[in-house]
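Down below is the structure, laid out as structure tokens.
Only the coordinates and a few stated rules stand behind these numbers; no lab work does. From a predicted model like this one, the values you see are computed outputs, not experimental measurements.
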């Protein structure tokens, strides 16, 4: 068995002996996992919000956003971007416990739907909004985004338990019997 002191005495270069300094490959790997998780969360939230607005629209034949016409889907993507922006401003894409704060997610989606509800009434040129379609859309959007986030959270926890997603940890302590 080779110890650090034995390696230092040998002719090996001693530049990379500090275990506390991450290698570039490990750092790059963790950054990639971070961005992958962010992209998956944003995509799932976007799909959940999109399905939450389209399913009631198809079932009731009443638009959730009356000012969005079928000819201009870019306005719908802008609305989805605003919803996602609200979620991002609340810090719900940050790592840690914020990502799993479902109550804050429900409040944020409710606030963004309330904003579009008020904008609908301020816009005089649009047709009237069906209340039941809007409420069903709001509830489905909340449900789909929470289900998507729960699926990601459960998958990440399962992968961590299996050891697939882990960061190396080193415990540095004094040696046994050292006088320092």
Exercise. On average over all directions, what projected area in square nanometres does the stretch 44-154 have, based on the convex hull of its Cα atoms?
Worked result: 6.8 nm²
Problem set entry | Sorted largest first, extent of the stretch 72-124 alpha carbons per principal axis (Å) | 42, 21, 13
